[in-house]
Amino acid sequence: MDLFDASQPDGLGGTSRSQPLATRMRPVSVEEYAGQGHLIGEGKLLRRMIQSGRIGSMIFYGPPSSGKTTLAHVISREIDADFVILNAVLDGVKEFREVVRRAGEQRKLYQKKTILFVDEIHRWNKAQQDALLPHIESGLITLIGATTLNPFYSLVGPLLSRCQLFELHPFTAGDIRLLLKRALDDKDRGLGSYEVTVTDEAIEYFTEYSGGDIRHALNALEMAVLTSPENEEGVRLVDVDVARESIQKRYLRYDRTGDEHYHYASAMIKSLRGSDPDASLYWLTAMLEGGEDPHFIFRRLLIFASEDVGLADPHALTVVNSAHDAFEKCGMPEGFYFLSHACLHLALAPKSNSTGAIFGVAREHREKGTRPVPDHLRDKTANAKQARYLDTENASDNYKYPHEYPGHWVDQQYLPDALRDTRWYKPGDQGIEAKRWERLRQIRGGEQKKTPP
């Protein structure tokens, strides 16, 4: 079904007062489109493609309400082509076959190209995505796909190789202010037919609390205007108090299964690594407010305690694990204390990533194989049996028992001969690890103290 057909009053090509304000205010030209200047700014590739009428298959990806469908709407207005829309949640193979049949007719009878817009294209499975390939390849269909997920993870490689990728960003505060004021002035599609005064403070409140989601901001504005009574002069006043009632909770752009899930988690980890306690708490709380599972956060904190704090504060792992245990016993809302406790401890702790040495050792095994165990390190019992059978000396007798030496240390080779001077472990210079490494350095250098630090 071609929802972009202007003859349909309730489709994307027409407007109806029964539609939400955000739908009615969708731009119908490139000039009206606000935001995404990196894509459709003057001289930018996508703008040149639209103006020239030469549209190739492409994928729009970005967060919800960043203008993907609206941009497709603009293209449908600018391009002389049969424009068809499918929703990957509602439509499948049957609907797609009908699009292919129709596209064949349009090309044969009218020499007209077909542009297929597939909303939420990541919802289609591999077979459904693969079904697009031959028709894109033949030029029968030009695809415009929209997705909120990273296409490199959610779409098949052959489809990506046939499409240009365009990333859309959240609307800026300036974009939202512009669109709110445009909606207030527009008498045909917007709220211009009402006598209404919206204070600057109310505009700022809508802008700030929408979280970059223009749909959220416009629909809240419409609710505020329509529910505000007229005063004696017949004017509806929307001040910050009315705005606060119309958009009671700040919109959080977060999806536990989407890209933002990983972006927020990455921001928390990098803030912890940078020893910024305030930023660490900010991103941790952002995930919680967005509905993230606290157990996921604790898992990331446990990994961080070993990977990034490590031996600089060996107790950090115990602290996080204990906080997690306490959280499971007490639940929420008291659980916020345990999450904060673990987060702040890690942010303030000295940092060391020396535990990553194990990956260098693993690479040695994979690339060069595992060397034989030196004779003096072999199991003494097994070596004794071999010595009796071969009537030879037990090689394990050459092993030096460190506890029999001063400082419980003795100079002895533990790596295979070919690797005797190899060092994978690079000690950190922070916290407890630095003290313990200094002790080992003194022992190796014959400077053993009577009371090790």
Can you work out which of the residues in region 32-63 that are among the charged types (D, E, K, R) and more than 20 Å from Ala81 (Cα to Cα) is surrounded by the fewest Cβ atoms within 10 Å (Cβ to Cβ)?
Glu42
Filter region 327-374 down to residues that are modelled with pLDDT under 90, aliphatic (A, V, I, L, M) and within 26 Å of the chain's Cα centre (by Cα), then give me how many there are.
1
Starting from region 436-453, take each residue that is farther than 12 Å from Asp411 by Cα and list its partners that are at pLDDT 75 or above and surrounded by fewer than 14 Cβ atoms within 10 Å (Cβ to Cβ), counting only C-beta distances under 7 angstrom and pairs at least six apart or across chains.
Gln448/Pro406; Pro453/Lys435
Restricted to region 238-294 and to residues being outside any helix (DSSP H, G or I) and of a type in the set (Val, Ile, Thr), the residue modelled with the highest pLDDT is Val238
For region 306-352, what are the residues that are hydroxyl-bearing (Ser, Thr, Tyr) and part of a helix (DSSP H, G or I)?
Ser306, Thr318, Ser322, Tyr337, Ser340
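For region 119-228, which strands (runs of 3 or more DSSP E) that fit wholly inside it have 1 or more residues that are under 22 Å from Asp91 (Cβ atoms)?
Per the criteria, 141-147.
Identify the residue in region 190-209 that is crowded, with 20+ Cβ neighbours inside 10 Å and of a type outside the set (Gly, Ala, Ser) and, among all such residues, is farthest from Thr69 (Cα to Cα).
Within region 190-209, the subset crowded, with 20+ Cβ neighbours inside 10 Å is 190-191, 198, 202-203, 205-207.
From the residues that got through so far, the ones that are of a type outside the set (Gly, Ala, Ser) too are 191, 198, 203, 205-207.
Numbers: Leu191: 22, Val198: 28, Ile203: 25, Tyr205: 26, Phe206: 22, Thr207: 21 Å.
This residue is Val198.
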Is it true that some residue in region 82-92 is hydrophobic (A, V, I, L, M, F, W, C), surrounded by fewer than 17 Cβ atoms within 10 Å (Cβ to Cβ), under 17 Å from Trp124 (Cβ atoms) and free of Cβ contacts under 8 Å to residues at least 60 places away in the same chain?
yes
Given the options Pro374, Pro294, Pro314, name the one that is surrounded by 15 or more Cβ atoms within 10 Å (Cβ to Cβ) and assigned by TED's automatic domain parsing to the domain that holds Thr422.
Pro374
Can you pull out the residues in region 118-146 that are of a type in the set (A, V, I, L, M, F, W, C) and under 11 Å from Ser57 (Cβ atoms)?
Val118, Leu132, Leu133, Ile136, Ile141, Leu143, Ile144
Candidates Gly157, Gly212, Gly174 - the one that is out of contact with any strand residue (DSSP E or B) (no Cβ under 8 Å at 6 or more places or on another chain) and crowded, with 18+ Cβ neighbours inside 10 Å:
Gly212
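The values are calculated or read from the model by the stated rules, or taken from the named source; none is laboratory data. Remember, it's a predicted structure, so these values are computed and weren't measured experimentally. Glycine gets a Cβ as well: all are built from the backbone with ideal geometry, and neighbour counts include every protein chain shown.
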